[in-house]
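Visitor: Dropping the structure in here first, questions after.
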Amino acid sequence: MADSVREREFHVSDVLSITTGRLVSTRHMDGVYDILDFMTGDNLFTHQLPRASDECKPYLLEQFPQLATPEMDFAVAELGEMLKTLSGKKEPDKLVVGWLSKLTSGKYGVKCKEVLTVKPIPRGAHKFKNPIAEVAEMMGGRKKVILC
């Protein structure tokens, strides 16, 4: 299951998408699915991503403590402010790429490589749930779920 593959490399933007709760992956949602599927050993559906992120975040921060520092908090806050600007609203992808470049070059005082070697979460740390049953549970336990 989750710990059958020892480790795998991910772009820092994929890791940061989980640890910050901001979609900064240069591969957008593909990066989020990829890292969470790897870490959990599951094949997650969209509605399962928040739960999987919550399960994986502490393990990522344990592996990369530099992502849980005041300097990192400052960098993320600055990104949030930059995204509110006209250029941030107009071209958020360009802005995020520039921000990631500043981050990996050490301009925020955070030592962060562009590619990080990630380990999966321990066996038993992820709760495997049938995705259809989980969405029904999220909808208040309705008996029927209609899928389009």
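Bear in mind that the values in this text are calculations on the coordinates, not laboratory data. This is a predicted model, so every value here is computed, not measured. We place every Cβ from the backbone using ideal geometry, glycine too, and count neighbours over all the protein chains shown.
Visitor: Sorted by mean Cβ packing within 10 Å, highest first, what order do the peptides 89-98, 8-17 take?
Guide: Ranking, from highest mean packing down: 8-17, 89-98.
Visitor: Just how large is the dipole of the range 8-138 about the Cα centre, in debye to the nearest 20, putting +1 at every Lys and Arg Cβ and -1 at every Asp and Glu Cβ?
Guide: In total the dipole reaches around 220 debye.
Visitor: What ³J(HN,Hα) values, in whole Hz, does the Karplus curve 6.51 cos²θ - 1.76 cosθ + 1.60 give for the range 53-67 when θ = phi - 60°, with x put for Gly and Pro?
Guide: Whole-Hz 3J(HN,Hα) from phi for the range 53-67: 4, 4, 6, 8, 3, x, 6, 5, 5, 5, 6, 10, x, 5, 8.
Visitor: Please arrange Ile132, Ile18 by counting, for each residue, the other beta carbons lying within 10 Å of its beta carbon, fewest first.
Guide: The fewest-first ordering by Cβ neighbours comes to Ile132, Ile18.
Visitor: Between helix 70-83 and the chain, what is the angle of the helix's C-alpha long axis to the longest principal axis, kept within 0 to 90° and rounded to the nearest 10?
Guide: Compared with the principal axis, the helix lies near 90 degrees.
Visitor: Take peptides 55-67, 101-113, 31-43 and line them up by average Cβ neighbours within 10 Å, highest first, as a rough protection proxy.
Guide: The peptides rank, most packed first, as 31-43, 55-67, 101-113.
Visitor: Taking θ as phi - 60°, what are the ³J(HN,Hα) couplings along the range 99-114 by the Karplus curve (6.51, -1.76, 1.60), each to the nearest whole Hz, with x for Gly and Pro?
Guide: Once rounded to whole Hz, the list reads 4, 4, 4, 5, 5, 6, 8, x, 5, 9, x, 10, 7, 9, 6, 6.
Visitor: For the chain, modelled as a GNM with alpha-carbon contacts under 10 angstrom, which of Thr69, Thr20, Thr46 fluctuates the most?
Guide: Largest GNM mean-square fluctuation: Thr46.
Visitor: Could you point to the label whose value was computed as mean projected area of the Cα convex hull in nm² for the structure here, given (1) 10.2; (2) 9.5; (3) 11.6?
Guide: Read-out taken from this structure: (1).
Visitor: Return the lysines within reach of Lys127: Cα separation strictly under 20 angstrom, same-chain partners fewer than 8 residues apart disregarded; answer none if there are no such residues.
Guide: Lys57, Lys119
Visitor: From the phi of every residue in the range 12-21, what ³J(HN,Hα) in whole Hz does the Karplus formula 6.51 cos²θ - 1.76 cosθ + 1.60 yield, where θ is phi - 60° and glycine or proline is x?
Guide: 4, 5, 5, 4, 5, 4, 7, 6, 9, x
Visitor: Still on this structure, I have one more. Search the structure for amide H atoms under 5 Å from the amide H of Val118, placed 1.01 Å from N in the peptide plane, and list their residues when 5 or more places away or on another chain.
Guide: Placed amide hydrogens put Arg8, Glu9, Phe10 under 5 Å from Val118.
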